[in-house]
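**Q** What follows is a single structure, and I will ask about it in a moment.
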Amino acid sequence: MSNVDPFTAIADPHRRFLLEELRRSPRTVNELAEGLPISRPAVSQHLKALLDCDLVSVTADGTKRIYAVNNRGFDRLNLWLDQFWA
């Protein structure tokens, strides 16, 4: 489990956009960058922040890196939020 605060990671609107896109289907950095007004290296930096708090995962497919939502990574968020509904 990561010590990086997932709430800090999702505070950025670009990262929330990335999570929404990855929720629909796994994507490469280039595919994700097409929908944002920021550079591909900036998208990579945002993905690194999401990786550091386990909200996304990455797998290699040849020379491509495929990013996907890590559902287990959202457990920390869900546990914290659930305390307000119990």
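**Q** If the Cβ limit is 7 Å and pairs must be 6+ apart or interchain, which residue in segment 20-36 that is within 18 Å of Leu55 (Cβ to Cβ) pairs with which residue that is open to solvent by 20 Å² or more (accessible area, probe 1.4 Å) and assigned to a loop (DSSP other than H, G, I, E, B)?
**A** Going by the 7 Å Cβ cut-off, the qualifying pairs are Glu21/Gly35.
**Q** Which residue out of Phe7, Phe17 is assigned to a helix (DSSP H, G or I), touching a residue at least 40 places away in the same chain (Cβ under 8 Å) and open to solvent by 40 Å² or more (accessible area, probe 1.4 Å)?
**A** Values: Phe17 fails: touching a residue at least 40 places away in the same chain (Cβ under 8 Å).
Criteria check complete, one pass: Phe7.
**Q** Can you give me the number of residues within segment 37-75 that are out of contact with any Lys or Arg (no Cβ under 6 Å at 6 or more places or on another chain), within 14 Å of Glu21 (Cβ to Cβ), of a type in the set (Val, Ile, Thr) and at pLDDT 95 or above?
**A** 3
**Q** How many of the residues in segment 20-31 are open to solvent by less than 90 Å² (accessible area, probe 1.4 Å) and among the basic types (Lys, Arg)?
**A** 1
**Q** Return yes when Glu34 is open to solvent by 90 Å² or more (accessible area, probe 1.4 Å) and not β-branched (Val, Ile, Thr) and no when it is not.
**A** In short, yes.
**Q** Assuming Asn78 fulfils every condition listed in (1) free of Cβ contacts under 8 Å to residues at least 60 places away in the same chain; (2) surrounded by 12 or more Cβ atoms within 10 Å (Cβ to Cβ); (3) in a helix (DSSP H, G or I); (4) not small (Gly, Ala, Ser) apart from one, which condition is it?
**A** Going through the list (1) free of Cβ contacts under 8 Å to residues at least 60 places away in the same chain; (2) surrounded by 12 or more Cβ atoms within 10 Å (Cβ to Cβ); (3) in a helix (DSSP H, G or I); (4) not small (Gly, Ala, Ser), Asn78 breaks only (2).
**Q** Can I ask one more? Of all residues in segment 58-75 being part of a helix (DSSP H, G or I) and not hydrophobic (A, V, I, L, M, F, W, C), which is nearest to Pro6 (Cα to Cα)?
**A** Gly73
**Q** Moving on to the next point. If I ask for residues that are part of a loop (DSSP other than H, G, I, E, B) and at pLDDT 95 or above, which ones from segment 20-36 would you list?
**A** Ser25, Pro26, Thr28
The values are calculated or read from the model by the stated rules, or taken from the named source; none is laboratory data. Please read all numbers here as calculations on a predicted model, not as lab measurements. Note that we place each Cβ from the backbone using ideal geometry, even for glycine, and neighbour counts take in every protein chain shown. To get the accessible areas, we keep the full protein, side chains included, count just its heavy atoms, and leave off ligands, DNA and RNA. Shrake-Rupley method; radii C 1.70, N 1.55, O 1.52, S 1.80 Å.
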